[in-house]
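J.: Pasting a structure below so you can have a look.
The values are calculated or read from the model by the stated rules, or taken from the named source; none is laboratory data. Quick caveat: nothing in here was measured; it's all calculated off a predicted structure. A quick note on method: Cβ atoms are made from the backbone with ideal geometry, for glycine too, and the neighbour counts reach across all protein chains shown.
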Amino acid sequence: MEIDDMVREELAPPPEELNNAAAPVNAGEITAENTAEAPAAIENVTAEVTAEISPAEEPPVEIAPETPAEPELQLLDLKPVVEALLFVTSDPVSIDKIQEIVSGRESGLKIEKKDIRSALIELQTEYENRHSAVQLVEVAGGWQFCTKAEFAVWLEKLAKNKEVYKLSNSALETLSIIAYRQPITRAEVEHIRGVDSGGVMHSLLEKRLVKITGRKDCIGHPLLYGTTAEFLQYFGLAGIADLPLLEDLNKA
């Protein structure tokens, strides 16, 4: 045997080791049966791995339907509204009446009386500052636009055909007694004046400057008389409390 053949034979592993080396170490014996099962096993392993990696499914969160927000109340600039209301009426308008008009379900607004009074005061100041012939005054339990006294000479010419109350001295005297002593009976008025006042009182009733307010709780239950809102409006008074004090009149 030549040396090369001897070396090869020396180095070559025995047949048993070759057989052992060819066999898989951990996989077991490869057969046609387990070869056919390999794809299913791989699929199972893949599913398990995917399940481990994937986060656990959480139950769907139910989202409640959004409740529509209530519409915000529209801001209202009271001054022009109040100005318009007073402009179109010839009678004084009370704060209660203005509140009733601008507040309520139709407008969706709730206006406080103090806000209405503030708007009226601001309007009154604005008209005064602009030196207008028109002024805003508190009269007869309400508010009203009227002209200033210095323009009366021209307005009288415009309204010369309009009914104007002209009060005689006896009517003014009787009206003053009723205003300061109300409620008062006709007999009490006549006692103070010293003369019959039936005709004068009838005239004041027709002019709606005086009204019947009830009956006195005494023998005969005579009628009681008092002044009206027209009286306050005629004399430019906000209320009976604005009448001049008798002490001041006596001093004058």
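J.: Just one of Ala171, Ala152, Ala238 is more than 45 Å from the chain's Cα centre (by Cα) and either closer than 30 Å to Ser132 by Cβ or in a helix (DSSP H, G or I) (or both); which is it?
T.: The conditions single out Ala171.
J.: Could you tell me whether Ile111 is assigned to a loop (DSSP other than H, G, I, E, B), on the phi < 0 side of the Ramachandran plot and touching a residue at least 12 places away in the same chain (Cβ under 8 Å)?
T.: Against the criterion (assigned to a loop (DSSP other than H, G, I, E, B), on the phi < 0 side of the Ramachandran plot and touching a residue at least 12 places away in the same chain (Cβ under 8 Å)), Ile111 qualifies.
J.: Taking interchain pairs and intrachain pairs at least six residues apart, which have beta carbon atoms under 6 angstrom, with the first residue in the stretch 74-103 and not assigned by TED's automatic domain parsing to the domain that holds Ala238 and the second basic (Lys, Arg) and in a loop (DSSP other than H, G, I, E, B)?
T.: Note: pairs meeting the criteria are Ser103/Lys110.
J.: Give the stretch 140-189 a look and list any residue that's among the polar types (S, T, N, Q) and free of Cβ contacts under 8 Å to residues at least 60 places away in the same chain, or say none.
T.: Residues satisfying the conditions are Thr147, Asn161, Ser168, Asn169, Ser170, Thr174, Ser176, Gln182, Thr185.
J.: Restricted to the stretch 203-252, and to residues that are exposed (fewer than 13 other Cβ atoms within 10 Å of the Cβ) and aliphatic (A, V, I, L, M), which residue is modelled with the lowest pLDDT?
T.: Taking the candidates together, the pick is Ala252.
J.: Failed condition for Asp96, given (1) modelled with pLDDT of 85 or more; (2) surrounded by fewer than 17 Cβ atoms within 10 Å (Cβ to Cβ); (3) on the phi < 0 side of the Ramachandran plot; (4) not in a helix (DSSP H, G or I), with all others met?
T.: (4)
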